[in-house]
Structures are given as C-alpha cells and as structure tokens.
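The values are calculated or read from the model by the stated rules, or taken from the named source; none is laboratory data. This structure is a prediction, so every number in the text was calculated from the model and none was measured. Don't worry about glycine lacking a Cβ; one is built from the backbone with ideal geometry, like all the others, and counts go over all protein chains shown. Surface areas here come from the heavy atoms of the whole protein model, side chains and all, with no ligands, DNA or RNA. Shrake-Rupley method; radii C 1.70, N 1.55, O 1.52, S 1.80 Å.
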Amino acid sequence: MRIDSITLTHLRMPLVSAFETSFGRITHRECLLITLRSEGLAGYGECVADRDPGYSYETTGTAWHILKEFIAPRLLGQEVRDAFDFQKRVSDIRGHHLARAGVEMAIWDLIGKRTGKSLRQLLGGTRSRVEVGVSVGLQASPEQLVQRVAEYVAQGYRRVKIKIKPGRDVADATAVRRAFPNLLLQVDANSAYTLQSSLALKPLDDLGLLLIEQPLHEDDLWDHRKLQAMFKTALCLDESIVSPRHARYAIEMEACRIINIKPGRLGGLSQAVAVHDLCRSHGMPVWCGGMLETGVGRAANLALASLPGFVLPGDISASDRYYLRDITFERFKLNPDSTIDVPEGPGLGVTVDPDALAAFTLAEMILRE
Ligand code: OSB
Ligand code: MG
C-alpha cells in the first residue's frame with residue numbers, strides 16, 4: 001500500500017483523576033496520534049510517549065522529532081507491505097521504540113481496513129474478551145488508597161495493581177491486603193529501588209501478591225536476577241524488556257518469572273507478539289501492560305491480550321477509569337466478570353471522533369512526500 005501522507009497530532013487530555021507513580025504525578029496525559037493515509041483509507045496509531053521522560057527517555061517531543069525527520073521520510077510516497085516491511089525500513093534507527101510502535105499500529109489498522117479483518121484476527125488472538133485489572137496510583141495515605149481500591153472493586157475489577165515507591169510500599173500494600181484478603185493484588189515500583197533499598201520490600205513476600213513489577217533500574221537484568229532469587233513472589237519486568245532479545249536474556253538469567261508486554265516499549269505490535277511467542281514456548285506467563293491509552297491504543301492492547309499466552313489480567317481498564325471524553329466514539333466497558341470485549345471491526349475496530357480530537361490538539365503537522 002502506498003503511504004500518501006502522515007499526520008502527527010500532539011494531544012493533551014485531562015484524566016478523570018490524577019495518576020501518581022514513583023516517577024511523577026500527572027493530571028493530564030499527552031501522546032501523539034499518528035494518521036497514515038493510503039489509497040483512500042486512514043489508519044490510526046497511538047504513540048504512547050508522554051510529556052516527561054519519567055517512564056521512558058522518549059517524550060512527545062522526541063517522538064515528534066524522530067517521526068518527522070527519520071521515520072516519515074522512509075515511508076512517504078512508498079509502498080509499504082506490512083508491519084515487517086515497516087520494521088525493516090526503520091531498522092537503521094536506534095531506539096525510539098515508542099515512536100516506531102505508533103506508526104506500526106497505524107499500519108496494522110490500514111491492513112485490517114483493507115482486508116476487512118480485525119486486529120485480533122491479524123495477530124492470531126483466540127479470545128473475544130480479555131481479563132483486566134486496574135492500576136491505582138499512589139494516594140495521600142494508606143487509608144485513602146484502600147478507599148480508592150474499594151471503589152474499583154465495587155465497579156467489578158477483580159485484579160488491582162498499586163504503585164509503590166521507597167517509603168510508600170509495605171504499609172500501603174499491607175493495608176490493601178488486610179481490607180481485601182482475596183483480591184488479586186500486585187505492585188509496581190517503576191524502577192524506584194536499588195538492590196540495597198529493595199530489601200525493605202521483603203515483607204511484601206508474605207502478602208500473597210501475584211507479582212512485584214520492575215523494582216530495579218530498567219537497564220539492570222543482573223540485579224533483578226539476584227533479587228528474584230531472594231523472593232518467593234514472582235518478579236515481573238516492564239521497563240527492562242525492550243525487545244525479544246531482552247526477553248530471552250531475562251528468561252535465561254531467571255531475572256523474573258513474569259513479563260509485562262507493552263507494544264510501545266517493544267517498538268511495535270509485531271515485537272510484542274514475538275515476545276509473547278518466545279515466553280509461551282518457555283512457559284513464562286505474560287500480561288498486557290498499559291500506558292493510559294486513548295481508545296486507539298486501548299483497542300490495540302485488547303486485540304493483543306486476546307492471544308493465548310496472556311494468562312494474567314491486563315492493565316486495560318474501562319474508558320471511564322481514564323477519560324470523561326475520549327478521542328474514539330467507542331468506549332470500552334467493564335463486563336461483570338472483570339473482562340472487556342475485544343473490538344471485532346476491521347483493523348483496530350474504532351472510529352476517531354474529530355471534534356474530540358480537535359478539543360485535545362496542541363499541535364498538528366501533515367507530512368507528504
Ligand atoms: O508502569 O505500568 C506502568 C502508566 C504509565 C506509564 C507506566 C505504567 C502505567 C500504568 C497504568 O501502570 C496502566 C494503565 O494504562 O492503566
Ligand atoms: Mg509498569
């Protein structure tokens with residue numbers, strides 16, 4: 001398919017409530033929407049880089065730069081066959097996975113729209129609904145955290161993840177565990193600890209957690225291996241797994257027992273599926289992480305999470321957990337069994353609401369050959 005134009009749209013959307021992690025607190029979420037126009041069709045992709053380099057070194061600013069100066073010129077006016085052809089064309093660009101993943105998503109959407117197939121069908125997903133949980137940010141006190149968790153449990157979420165950081169870990173997790181003895185519960189540190197300081201997390205080992213996510217530095221598989229050996233609870237890696245190669249290292253090193261798969265961090269859905277396949281062949285459970293996506297990225301995550309190796313609930317909550325108004329007409333709802341339906345329409349199976357898009361747009365640029 002010939003790529004006629006690429007539109008970059010920088011969005012800033014108010015969150016329903018502030019989201020705080022070990023790397024910062026946000027009340028609004030930024031991202032880039034990427035629109036590929038090809039032979040009368042439009043494909044959409046979400047680049048999940050945020051304003052600040054807290055989770056990743058990439059930001060909306062670096063992604064804009066890389067997309068405009070390096071990725072777009074490798075596509076505009078050219079025939080791009082599929083996601084694999086796209087990855088070959090950008091293989092000389094180092095890093096910048098969030099930027100390239102946004103474009104790859106738009107390519108999948110175009111392919112789906114051309115062939116009438118849903119992304120789930122294209123990726124080989126086997127389920128029509130996927131189990132989900134909710135990721136709860138740091139709150140002012142353990143009491144307020146328990147209150148927040150209670151609200152989500154009342155809404156039907158059967159799995160809850162809480163964010164932790166040094167000084168806000170054991171007391172928070174213990175309070176939630178006391179209030180909800182049978183809840184599927186996990187914690188996420190977003191790299192806030194060193195091997196030394198993470199020893200303070202040892203009491204978490206007796207709380208029956210599903211997993212402890214990314215306690216140590218993103219580039220540090222070695223210390224994660226040492227820490228995993230000291231814990232009964234499974235460690236799960238998020239930031240550290242930026243390619244199928246890193247997934248293999250983690251498996252061989254026993255640096256974790258579970259992997260969080262995010263298409264953005266891995267540089268695209270094709271790489272996410274590759275990590276899924278590798279983990280599945282090693283019996284390593286995976287689940288789909290989240291980046292506070294709009295309806296566009298959420299649709300892609302749901303399709304991905306319908307693959308058979310996704311055996312743990314994903315960080316893919318209902319639209320109303322994030323946004324009062326989203327950029328898609330479709331809104332994702334939580335079913336009573338803590339699942340969300342996978343979209344069935346062609347491609348991502350969502351339609352972009354132009355008025356909502358305009359309301360959240362900070363900047364837009366149309367790139368042509
Ligand atoms: O580490 O999983 C993370 C959000 C932004 C950046 C990193 C993370 C998160 C979340 C939210 O935990 C998951 C969601 O989209 O609900
Ligand atoms: Mg995480």
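Which of the residues spanning segment 100-128 are open to solvent by 10 Å² or more (accessible area, probe 1.4 Å) and of a type outside the set (D, E, K, R)? If you could, list the steps in order and put the result at the bottom.
First pass over segment 100-128, keeping only residues open to solvent by 10 Å² or more (accessible area, probe 1.4 Å): 100, 105, 108, 111, 113-117, 120-128.
Residues satisfying the conditions are Met105, Trp108, Ile111, Thr115, Gly116, Gln121, Leu122, Leu123, Gly124, Gly125, Thr126, Ser128.
Got a sec? Which of Val153, Val132 is of a type outside the set (Asp, Glu), farther than 30 Å from Val80 by Cα and in contact (Cβ under 8 Å) with a residue 60 or more places away in the chain? Spell out the reasoning first.
Numbers: Val153 fails: in contact (Cβ under 8 Å) with a residue 60 or more places away in the chain.
Of the residues listed, the single one that is of a type outside the set (Asp, Glu), farther than 30 Å from Val80 by Cα and in contact (Cβ under 8 Å) with a residue 60 or more places away in the chain is Val132.
Scan segment 196-204 and give yes if some residue there is within 19 Å of Val136 (Cβ to Cβ), open to solvent by less than 30 Å² (accessible area, probe 1.4 Å) and part of a loop (DSSP other than H, G, I, E, B), otherwise no. Steps first, please.
To start, the set of residues in segment 196-204 that are within 19 Å of Val136 (Cβ to Cβ) comprises 201, 204.
Still in the list and also open to solvent by less than 30 Å² (accessible area, probe 1.4 Å): 201, 204.
Cutting the leftovers down to part of a loop (DSSP other than H, G, I, E, B) gives us none.
Scanning segment 196-204, I find no residue that is within 19 Å of Val136 (Cβ to Cβ), open to solvent by less than 30 Å² (accessible area, probe 1.4 Å) and part of a loop (DSSP other than H, G, I, E, B), so the answer is no.
For segment 50-79, name all the residues that are assigned to a loop (DSSP other than H, G, I, E, B), touching a strand residue (DSSP E or B) at 6+ places or on another chain (Cβ under 7 Å) and under 22 Å from Asp219 (Cα atoms).
Once the filter is applied, which keeps residues that are assigned to a loop (DSSP other than H, G, I, E, B), touching a strand residue (DSSP E or B) at 6+ places or on another chain (Cβ under 7 Å) and under 22 Å from Asp219 (Cα atoms), segment 50-79 yields Arg51, Asp52, Pro53, Gly54.
Name the residues in segment 53-99 that are among the hydroxyl-bearing types (Ser, Thr, Tyr), within 16 Å of ligand 2 (Cβ to nearest atom) and out of contact with any Asp or Glu (no Cβ under 8 Å at 6 or more places or on another chain), would you?
Tyr57
Residues in segment 337-357: is at least one touching a His at 6+ places or on another chain (Cβ under 7 Å), small (Gly, Ala, Ser) and modelled with pLDDT of 95 or more? Before you say what the answer is, go through the steps one by one.
Our first condition is that a residue be touching a His at 6+ places or on another chain (Cβ under 7 Å); within segment 337-357, this holds for none.
Scanning segment 337-357, I find no residue that is touching a His at 6+ places or on another chain (Cβ under 7 Å), small (Gly, Ala, Ser) and modelled with pLDDT of 95 or more, so the answer is no.
Scan segment 216-225 and tell me whether some residue there is basic (Lys, Arg) and either over 23 Å from Leu145 (Cα atoms) or open to solvent by less than 20 Å² (accessible area, probe 1.4 Å) (or both).
Within segment 216-225, the first condition is being basic (Lys, Arg), and the residues that meet it are 225.
Now drop any that are not either over 23 Å from Leu145 (Cα atoms) or open to solvent by less than 20 Å² (accessible area, probe 1.4 Å) (or both), which leaves 225.
Looking through segment 216-225, at least one residue is basic (Lys, Arg) and either over 23 Å from Leu145 (Cα atoms) or open to solvent by less than 20 Å² (accessible area, probe 1.4 Å) (or both).
Looking at (1) over 30 Å from Ala189 (Cβ atoms); (2) of a type outside the set (Asp, Glu); (3) open to solvent by 20 Å² or more (accessible area, probe 1.4 Å), which is the one condition that is false for Ala154?
Failed condition: (1).
Among the residues of segment 19-35, how many are surrounded by fewer than 24 Cβ atoms within 10 Å (Cβ to Cβ) and away from ligand 1 (no atom under 16 Å from the Cβ)?
1
Looking at this structure, is Pro313 more than 22 Å from Val242 (Cβ to Cβ), in contact with a Gly (Cβ under 9 Å, 6 or more places away or on another chain) and either of a type outside the set (D, E, K, R) or modelled with pLDDT of 95 or more (or both)? So that I can check it myself, show each step before the final result.
Working: more than 22 Å from Val242 (Cβ to Cβ): yes; in contact with a Gly (Cβ under 9 Å, 6 or more places away or on another chain): yes; either of a type outside the set (D, E, K, R) or modelled with pLDDT of 95 or more (or both): yes.
Yes.
Go through segment 67-97 residue by residue and tally those that are aliphatic (A, V, I, L, M) and open to solvent by 10 Å² or more (accessible area, probe 1.4 Å). Walk me through it before giving the result.
To start, the set of residues in segment 67-97 that are aliphatic (A, V, I, L, M) comprises 67, 71-72, 75-76, 80, 83, 90, 93.
So of that shortlist, the ones also open to solvent by 10 Å² or more (accessible area, probe 1.4 Å) come out as 76, 93.
So the answer is 2.
How many residues are within 27 Å of Gly54 (Cβ to Cβ) and either open to solvent by 50 Å² or more (accessible area, probe 1.4 Å) or not small (Gly, Ala, Ser) (or both) when one looks only at segment 157-188?
Applying the first criterion (within 27 Å of Gly54 (Cβ to Cβ)) to segment 157-188 yields 157, 159-176, 184-188.
Keeping just the survivors that are either open to solvent by 50 Å² or more (accessible area, probe 1.4 Å) or not small (Gly, Ala, Ser) (or both) gives 157, 159-172, 174, 176, 184-188.
Residues meeting the conditions: 22.
Inside segment 250-290, can you point out the residues that are open to solvent by less than 30 Å² (accessible area, probe 1.4 Å), within 16 Å of ligand 2 (Cβ to nearest atom) and assigned to a loop (DSSP other than H, G, I, E, B)?
Ala255, Cys256, Lys262, Gly289, Gly290 - these are the residues of segment 250-290 that are open to solvent by less than 30 Å² (accessible area, probe 1.4 Å), within 16 Å of ligand 2 (Cβ to nearest atom) and assigned to a loop (DSSP other than H, G, I, E, B).
Of (1) touching a residue at least 60 places away in the same chain (Cβ under 8 Å); (2) over 18 Å from Ser17 (Cα atoms); (3) out of contact with any helix residue (DSSP H, G or I) (no Cβ under 6 Å at 6 or more places or on another chain); (4) within 16 Å of ligand 2 (Cβ to nearest atom), Gly314 satisfies all except one. Which?
Just one mismatch for Gly314, condition (3).
So is Leu235 touching a Ser or Thr at 6+ places or on another chain (Cβ under 7 Å), under 20 Å from His282 (Cβ atoms), surrounded by 15 or more Cβ atoms within 10 Å (Cβ to Cβ) and not hydroxyl-bearing (Ser, Thr, Tyr) or not? Talk me through it step by step, then tell me what you get.
Details: touching a Ser or Thr at 6+ places or on another chain (Cβ under 7 Å): no; under 20 Å from His282 (Cβ atoms): yes; surrounded by 15 or more Cβ atoms within 10 Å (Cβ to Cβ): yes; not hydroxyl-bearing (Ser, Thr, Tyr): yes.
For Leu235, the condition - touching a Ser or Thr at 6+ places or on another chain (Cβ under 7 Å), under 20 Å from His282 (Cβ atoms), surrounded by 15 or more Cβ atoms within 10 Å (Cβ to Cβ) and not hydroxyl-bearing (Ser, Thr, Tyr) - is not met.
For segment 189-211, check the following and say yes or no: at least one residue is among the hydroxyl-bearing types (Ser, Thr, Tyr), closer than 30 Å to Gln155 by Cα and within 20 Å of the chain's Cα centre (by Cα).
Yes, segment 189-211 has at least one match.
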